[in-house]
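The block underneath contains the structure these notes are about, expressed in structure tokens.
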Amino acid sequence: MRESASAQELLDWYDRNARRMPWRVGPDARRLGVRPDPYRIWMSEVMLQQTTVAAVKSYFETFTARWPTVVDLAAAEDADVMAAWAGLGYYARARNLLKCARAVANDHGGVFPDTREGLLSLPGIGPYTAAAVAAIAFDRPETVVDGNVERVMARLHDEHTPLPTAKPVLTEMAAALTPQERPGDYAQAVMDLGATICTPRKPACGLCPWRKPCAAWEAGTAAELPRKLPKKRKPTRLGIAYLARRVDGAWLLERRPDKGLLGGMLGWPGSDWGDAPQDDPPIRAEWRELPAEARHTFTHFHLRLTVKTALVPMDRAPIRGDFVELPDFSPSDLPTVMRKAFDLAKDS
Ligand code: SF4
């Protein structure tokens, strides 16, 4: 009979193979008594939602260098935080990051609650982040289930129910394995296993500490798991972005409303995004349409943005938006889709 997987086997593997992360306190340092900083763990977990470790690292370094504590972040200007987040996507996370930092600073004396329930009471922290921070920062035996963990559990148990239907059963499986000893290291160990060995394609089962108890390895089904229900095709929406430049070099920009897609971010004035966008320029000018579109894919749709450019005189007042003069304008403050439009205009 196949033996059951044990947390200890994975922890032994983690002790030898833990990935280095800017926010992580590795197993050797943990043994010496170094504790993770909850602020850094929380920030990394928020940044990592829907985003890869490689993409997050430089943003994490920038944020923690500029705002080293949660109190520093709470005191930051909204616009500075949104600009620093530009390019990382899913901008609601940046607004929630600020809300949460301010709640910790104002209502909790700058100290993060140290339980899952306490963390869940903060704005912008959902069940996943609460469990991850409670486990990693405070060594609480919480079950942390991300995409990596789901994949590892589905394979370990040769579970063929497709996602998302399988989520509750995969969570139960993960909970059954979560140890009371070193739960923080264990949570990170499963994530590391999923990211480096039990990868979506071509898992490296020969190197896996759980190969013996793995049911999918025995059945030869690892590469097929986890099964997923077919995704709906994404619709395509159309829009227009207006890039007006004043003769002194200032660009016409508009901050997007807090609610909705790219909420709170700086961007080019534009039309709504839909089937037939209305041509409604933000300033009177000779508009020129660029031959290429800015294309971008969001979670639920593809966007094709017609880019129009114009040069306007100093005394022309905009109907919408404000001119931002050159030293204050940095393309890196723009979300990716807006930067794509800028790159097209700049190259034209
Ligand atoms: S043996 Fe292979 S499929 Fe099973 S957990 Fe390890 S890497 Fe994943």
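Which one is modelled with the highest pLDDT among residues in the stretch 92-107 that are open to solvent by 10 Å² or more (accessible area, probe 1.4 Å) and touching a Gly at 6+ places or on another chain (Cβ under 6 Å)?
Among those that are open to solvent by 10 Å² or more (accessible area, probe 1.4 Å) and touching a Gly at 6+ places or on another chain (Cβ under 6 Å), it is 99.
Residue-wise test of (1) of a type in the set (A, V, I, L, M, F, W, C); (2) surrounded by 13 or more Cβ atoms within 10 Å (Cβ to Cβ).
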site: 15; (1), (2): no, yes
site: 20; (1), (2): no, no
site: 25; (1), (2): yes, yes
site: 30; (1), (2): no, yes
site: 33; (1), (2): no, no
site: 37; (1), (2): no, yes
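Please go through the stretch 1-13 and pick out each residue that is open to solvent by less than 70 Å² (accessible area, probe 1.4 Å) and over 12 Å from residue 182 (Cα atoms). Within the stretch 1-13, 5, 6, 9, 13 meet the criteria. Residues in the stretch 325-344 that are of a type outside the set (D, E, K, R) and under 14 Å from residue 250 (Cα atoms): 326, 327, 329, 330, 331, 342. Taken over the stretch 131-159, the criterion of being open to solvent by 30 Å² or more (accessible area, probe 1.4 Å), within 16 Å of the ligand (Cβ to nearest atom) and within 23 Å of the chain's Cα centre (by Cα) is satisfied by 145, 146, 147, 148.
From the set of residues in the stretch 185-201 that are near the ligand (Cβ under 10 Å from one of its atoms) and assigned to a loop (DSSP other than H, G, I, E, B), which is surrounded by the fewest Cβ atoms within 10 Å (Cβ to Cβ)? If we take residues in the stretch 185-201 being near the ligand (Cβ under 10 Å from one of its atoms) and assigned to a loop (DSSP other than H, G, I, E, B), then 199 is surrounded by the fewest Cβ atoms within 10 Å (Cβ to Cβ). Of the residues making up the stretch 304-324, those that are crowded, with 19+ Cβ neighbours inside 10 Å and over 17 Å from residue 250 (Cβ atoms) number 4.
If I ask for residues that are of a type in the set (S, T, N, Q) and either more than 16 Å from the ligand (Cβ to nearest atom) or open to solvent by 80 Å² or more (accessible area, probe 1.4 Å) (or both), which ones from the stretch 221-280 would you list?
Selection gives 236, 271, 278.
Pairing residues of the stretch 315-331 that are closer than 12 Å to residue 247 by Cα with residues that are open to solvent by less than 60 Å² (accessible area, probe 1.4 Å) and aliphatic (A, V, I, L, M), at Cβ distances under 8 Å and at least 6 apart in sequence or on separate chains, gives 316/283; 316/285; 323/250; 323/252; 323/253; 325/250; 326/250. Within the option set 164, 203, being farther than 27 Å from residue 38 by Cα, of a type outside the set (S, T, N, Q) and out of contact with any helix residue (DSSP H, G or I) (no Cβ under 8 Å at 6 or more places or on another chain) holds for one residue only, 164.
The values are calculated or read from the model by the stated rules, or taken from the named source; none is laboratory data. Keep in mind that this is a model prediction, so the values were computed, not measured. We place every Cβ from the backbone using ideal geometry, glycine too, and count neighbours over all the protein chains shown. These accessible areas exclude ligands, DNA and RNA; they are computed on the full protein's heavy atoms, side chains included. Shrake-Rupley method; radii C 1.70, N 1.55, O 1.52, S 1.80 Å.
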